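Everything on this sheet refers to the single structure shown next.
All of the numbers you see were taken from the coordinates with simple rules; none came from a lab. Just so we're clear, the structure is a prediction, and the values are computed from it rather than from any experiment. Cβ: placed from backbone, ideal geometry, glycine included. Neighbour counts: every protein chain shown.
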Amino acid sequence: MKHGEIKRNAEEILKELPSGVLLVAACKTRVPEEIEEAVAGGVGIVGENYVQEAVKAFETIGNRVKWHFIGHLQKNKVKKAVEIFDLIETVDSLALAEEIDKRAKAINKIMPILIEINSGREQQKFGVFPENAESLIIEIARLSNVKIMGLMTMGELGGSSRTLRNCFSETKKLFDLIKAKNIPNAGMKYLSMGMSDSYNIAIEEGANLIRIGTRIFGERKMR
Ligand SMILES: *Cc1c(COP(=O)(O)O)cnc(C)c1O
């Protein structure tokens, strides 16, 4: 990317977003200088898939932005993740939630989380199936040092627009259903869905957090 392009891309996306929709810049594989440029373009939330990358970026960027974890969180990275992140978007099991709860308790923090929904029902993918979400949420909501703030979904990998729209609308239905149940400690505030090629559909289907990488930073090089 040419100098200034990342900043311009971020500004352009932010300008077009309906009010109430928040942009998460998905920063995997990007160096702190690139993230810095997105921040200069108005990005206020940085999304990281890898705790180690986040630690590095955090050293330069710090608390000028909010930090969201959007990758698959391994148990041995939970301690560090709980220290750095403002929201962990990808909790999909009681075991992971319990580890987060334990680590958060140790540093006197209430850790905000989203529950990841496997709306594409893909066997190999992360996230809880929609039909199992409510019972998982009820269990996790009992933990004292996590705070459920909503749902996140990826949608079917490589799915068509129509498939993705179905994934998103099903997740929105679930979001509304859970919201209506008023489960203590399970507020449905954030619905995180949509990436570079699907965020317009996601917004139409009710997303209020979108996670964009490529459209801000350009194509990713393979790691
Ligand atoms: C990489 C990533 C994104 C952004 O993907 P792009 O297609 O580059 O916009 C969004 N969400 C998650 C969980 C990701 O890993």
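For the reader, a short list of remarks on this structure follows.
- The slack in the chain from S160 to K80, taken as 0.36 nm per residue of separation less the alpha-carbon distance, amounts to 25.2 nm.
- Binned Cα-Cα distances of the stretch 131-202, short to long, each 10 Å bin given as a whole percent: 20, 47, 25, 8
- Pairwise Cα distances in the chain exceed 26 Å for 33 percent of all pairs.
- For the stretch 128-211: relative contact order, % (alpha-carbon pairs under 8 angstrom, 6 or more apart): 31 percent
- For the stretch 15-82, the calculated P(r), taken from all Cα-Cα distances in 10 Å bins from zero up to the bin holding the longest distance, is 20, 53, 23, 4 percent.
- Placing unit charges on the Cβ atoms only, positive for Lys and Arg and negative for Asp and Glu, gives the chain a dipole magnitude near 360 debye about its Cα centre.
- The stretch between E122 and A106, if pulled fully straight at 0.36 nm per residue, gains 2.3 nm over its current Cα-Cα span.
- Theoretical gain in end-to-end length, T60 to A180 [0.36 nm per residue, Cα-Cα removed]: 39.1 nm
- Built amide H within the under 5 Å cut-off of I88, gap 5+: F69, I113, L114
- At the listed q of 0.12, 0.18 Å⁻¹, the Debye profile of the stretch 72-126, built from one uniform point per Cα, gives log10 I(q)/I(0) equal to -0.27, -0.56.
- Note that the stretch 169-186 has calculated 3J(HN,Hα) couplings of 5, 5, 5, 5, 4, 4, 4, 5, 4, 5, 4, 5, 7, 6, 5, x, 6, 9 Hz, one per residue in order, obtained from phi through the Karplus relation 6.51 cos²θ - 1.76 cosθ + 1.60 (θ = phi - 60°); glycine and proline are x.
- Residues of the stretch 146-166 with amide N under 19 Å of a point placed 7 Å along Cα→Cβ from K189: 146-153
- With neighbour counts taken as other beta-carbon atoms within 10 Å, the residues D92, D197 rank, fewest first, as D197, D92.
- Spin-label pair E219/F129, simplified geometry with 7 Å Cα→Cβ offset, distance in nm: 3.7 nm
- Dipole magnitude of the stretch 70-176 about its Cα centre (Cβ charges: Lys, Arg +1; Asp, Glu -1), debye to nearest 20: 300 debye
- Ranked list, fewest to most other Cβ atoms within 10 Å of each Cβ, for L114, L96, L157, L14: L157, L14, L96, L114
- Percent antiparallel among DSSP beta bridges (both partners in the chain, rounded to 5): 0 percent
- Distance cut-off 22 Å, percentage of C-alpha pairs in the stretch 53-151 lying past it: 27 percent
- Ascending count of other beta-carbon atoms within 10 Å, so fewest first, for E16, E139: E16, E139
- Helices in the chain, meaning DSSP H runs of at least 4 residues, each add -39500 (n - 2.57). Divided by all residues, the mean residue ellipticity at 222 nm is -12500 deg cm²/dmol.
- Cα-based Rg of the stretch 158-199 normalised by 2.2 N^0.38 Å, two decimals: 1.35
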